[in-house]
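Input: a single structure, listed below in structure tokens.
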Amino acid sequence: MTNDVLALKYRPKFFNEVTGQDLAVDMLSNSIKLNKIHHAYLFSGTRGVGKTTIARLFAKSLLCNEGISNTPCGKCNACIEIDKGNHLDLIEIDAASRTKVEDTRTLMENVQYSPTSSRFKIYLIDEVHMLSDKSFNALLKTIEEPPEHVKFLLATTEPDKLPETVLSRCLHFKLNQVDFGVIASHLKNILEKENIEYDNESLDLISKNAKGSLRDSLSILEQCISYCNGSLDINKIKTLMGHIDEEIIQNIILKVIHKSPEDLISIIEGIQNSISFEKLLDSIIDILYKLSLYKINPKIKDNFFDNDEFYNLTTKNISSQDLQLFYQIAISAKKDIPLTPNQKDYFSMIMLRMIYFFDDDASDTDNVNSVPDNSKGIDFDWNKIIDQLNISGITLELARHCVLIKKDDDNFSLMIDQKKQDIFPKSCLSDFFKILNNFFKKEYKYEVIYQENLKTPDYIQKEKMKTENNIIYNKASKDPNINNIKEIFGSDIDKKSIKKIKDVEG
Ligand SMILES: [Zn+2]
């Protein structure tokens, strides 16, 4: 736990000290100047962007003893008490903290009583979407017909969870995540005021890790300063942040594009276990996105990559479609990372998945017997067609166990795995032909052939899994711990028992 010294010390005391929220601050400040003061305000945005800070400054503007002003004096009792967090007429409620939920209702019931010493009684309710039902009802009642002296300042990270009745009665300010560059220059400012030595690389790394949250940037900065004994040392900070060098990330992507699973695995094995593989995956996603943009507009390169060789090697060898595919694989795998017992292994699997999906000619290396003569018709990507058919259940099963081959302009051969001959009823086949004709927008005729050793989508997928399992098996065979276990029990790994966790669940 850090003690947020910097966050407290540099907390803005006036609107013009707020960082990264110019639009909201200008609008609020103008409304005060014009004396157009609403009775309920909602500030939404992700954590640490300044919601409650801005709300408190607004309260100060309304409660300053010198009069309502967008530049409160900062010196009167009211201003000082608000800065210290103990002004009696600024009632702060944190709806996320359970202990206070019961008090909330009582507070709400006291709304109608006049303020103790000031012109307004201001309720600042943080994480307002988390109020209990009873408190919400009390809030609703007052917000519908608020007494003149009451103002509501609501803050939330999840405005979508608020009832329409509340939303429609609030002036809603949506606060942005703070821009990376803005955070960096804010931190730089603080470091200079504090006389702390720093370098730009450290500044960049800290700002990036704050992910748009000014508050987080300050607590990370503080952590780094204390970890580096009072100054910023980029090497120590890299260790602290579990940072991985760009070069390693680029190498991983190159190995995927060059379809070198063994090299890929050995790079990943070289990465220390303690780093966050979720962050590593984020970096991969980030680079895939940049490569995709580069494909659209090569000029963009200069903003993104220092390493010309990397972008040359990658973009030449991969299509935009495959970049899309990689991106999707990475994004959809991300949500399962926290559930996996071993992040590193899971990360390897995600990267391998990219190689196998990318590897169009994988099936050519399979030792399948040649398909019969009538396969010499017009071929097309059956897998891609299946994806577009929007089918499920037994029809999807059928599609996965067959190969469709076009014989001529009016006829198709549907070749079905012989082992599945008795599984699909005639009605299933005729439905399937209707679906296909709908898809092709033409009345084709179909001839059904049952055949052994077909390279059906199901077969190809199983082959890919076998290859994945072989790689894991080989890796496991080299693991000293597993070898110890094998020795103690006089046993071996059952290759067939190797399973991806996701498949077990699915
Ligand atoms: Zn004042």
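The values are calculated or read from the model by the stated rules, or taken from the named source; none is laboratory data. Not measured: the values here are computed from a predicted model. Cβ sites come from the backbone with ideal geometry, for glycine too, and all protein chains shown count toward neighbours. Areas reflect the complete protein model, heavy atoms only, side chains present, ligands, DNA and RNA absent. Shrake-Rupley method; radii C 1.70, N 1.55, O 1.52, S 1.80 Å.
Observations
Rundown of residues vs (1) assigned to a helix (DSSP H, G or I); (2) modelled with pLDDT of 80 or more; (3) in contact with an Asp or Glu (Cβ under 9 Å, 6 or more places away or on another chain), yes/no style:
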site	(1), (2), (3)
328	yes, yes, no
341	no, yes, no
369	no, no, yes
386	yes, yes, no
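Let's see how each residue does on (1) farther than 22 Å from residue 91 by Cα; (2) within 16 Å of the ligand (Cβ to nearest atom); (3) not in a loop (DSSP other than H, G, I, E, B):
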site: 28; (1), (2), (3): no, no, yes
site: 35; (1), (2), (3): yes, no, no
site: 38; (1), (2), (3): no, no, no
site: 41; (1), (2), (3): no, no, yes
site: 46; (1), (2), (3): yes, no, no
site: 56; (1), (2), (3): no, yes, yes
site: 59; (1), (2), (3): no, yes, yes
site: 70; (1), (2), (3): no, yes, no
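- Looking across the stretch 130-181, the residues that are at pLDDT below 85, over 17 Å from residue 39 (Cα atoms) and not hydrophobic (A, V, I, L, M, F, W, C) come down to 132, 133, 134, 135, 137.
- The C-beta contact set for the stretch 475-495 (first residue farther than 21 Å from residue 265 by Cα, second residue exposed (fewer than 11 other Cβ atoms within 10 Å of the Cβ), distance under 8 angstrom, 6+ apart or interchain) comprises 485/491; 486/492.
- Condition met for residue 251 (open to solvent by 20 Å² or more (accessible area, probe 1.4 Å), polar (S, T, N, Q), on the phi > 0 side of the Ramachandran plot and at pLDDT 90 or above): no
- Scanning the stretch 161-180 for residues that are touching a residue at least 12 places away in the same chain (Cβ under 8 Å) and of a type outside the set (A, V, I, L, M, F, W, C) yields 161, 163, 165, 169, 172, 174, 176, 177, 179.
- Tallying residues that are within 15 Å of the ligand (Cβ to nearest atom) and either in contact (Cβ under 8 Å) with a residue 40 or more places away in the chain or assigned to a loop (DSSP other than H, G, I, E, B) (or both) within the stretch 72-85 yields 7.
- Listed by first and then second residue, the pairs linking a residue in the stretch 13-41 that is on the phi < 0 side of the Ramachandran plot to a residue that is hydroxyl-bearing (Ser, Thr, Tyr), with Cβ atoms under 7 Å apart and 6 or more places separating them unless they lie on different chains, are 14/71; 15/29; 18/53; 32/61; 32/69; 37/31.
- Test for residue 226: is it surrounded by fewer than 19 Cβ atoms within 10 Å (Cβ to Cβ) and either within 23 Å of residue 16 (Cα to Cα) or of a type in the set (Gly, Ala, Ser) (or both): yes
- So residue 357, is it on the phi < 0 side of the Ramachandran plot, modelled with pLDDT of 85 or more and not β-branched (Val, Ile, Thr): no
- Considering the conditions (1) more than 8 Å from the ligand (Cβ to nearest atom); (2) touching a helix residue (DSSP H, G or I) at 6+ places or on another chain (Cβ under 6 Å); (3) not β-branched (Val, Ile, Thr), residue 89 is excluded by exactly one of them, (2).
- Applying the set (1) farther than 30 Å from residue 28 by Cα; (2) open to solvent by less than 60 Å² (accessible area, probe 1.4 Å) to residue 198 leaves exactly one unmet item: (2).
- Where residue 300 falls short, out of the listed (1) among the hydrophobic types (A, V, I, L, M, F, W, C); (2) closer than 21 Å to residue 251 by Cβ; (3) at pLDDT below 85; (4) in contact with a Phe, Trp or Tyr (Cβ under 8 Å, 6 or more places away or on another chain): (2)
- Residue tally, condition more than 20 Å from residue 154 (Cβ to Cβ) and among the charged types (D, E, K, R), over the stretch 68-100: 4
- Yes/no for residue 252 being assigned to a helix (DSSP H, G or I), β-branched (Val, Ile, Thr) and assigned by TED's automatic domain parsing to the domain that holds residue 346: yes
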